[in-house]
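A.B. asks: This is the structure, below, for whatever I ask next.
The values are calculated or read from the model by the stated rules, or taken from the named source; none is laboratory data. This is a predicted model, so every value here is computed, not measured. FYI the Cβ positions are ideal-geometry reconstructions off the backbone, even for glycines, and counts take in every protein chain you see. Heads up: the accessible areas ignore ligands, DNA and RNA and are worked out on the full protein's heavy atoms, side chains in. Shrake-Rupley method; radii C 1.70, N 1.55, O 1.52, S 1.80 Å.
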Amino acid sequence: MSKIQNLDQNYSLKKIDKETINIKVHNNDILMSLVGEFNNNLKELEKITETKIYSRGNSILVKSSSAKNEL
């Protein structure tokens, strides 16, 4: 149970509007694993989820329809 609580403390999720979600990752190890080398993981996630994903620093912005953003 403590691992799940720790994971919740390592990121924050904020809905900007119906089409935009901002995810801030506070743990650099998790961020590097999520983004991947040269943002390759984010590029694959864009293809799979048919969304646009932008990354800057520890902030990841997801833009798409509200239904796709829920994925």
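A.B. asks: Return the residues of segment 25-55 that are over 11 Å from the mean Cα position of the chain (by Cα) and within 15 Å of residue 14 (Cβ to Cβ); say none if nothing qualifies.
C.D. replies: Listed by number, the list holds a single entry, 26.
A.B. asks: Would you please list the contacts, defined by Cβ atoms under 7 Å and residues six or more apart or on different chains, that run from a residue in segment 6-35 that is closer than 20 Å to residue 69 by Cα to a residue that is of a type in the set (Lys, Arg)?
C.D. replies: Close Cβ pairs (under 7 Å, with a partner that is of a type in the set (Lys, Arg)) amount to 11/24; 12/24; 19/63; 20/63; 21/15; 22/14.
A.B. asks: Then there is this: Could you check the chain for helices (runs of 4 or more DSSP H) lying wholly inside it with 2 or more residues that are open to solvent by 50 Å² or more (accessible area, probe 1.4 Å) and at pLDDT 90 or above?
C.D. replies: 28-35, 40-49
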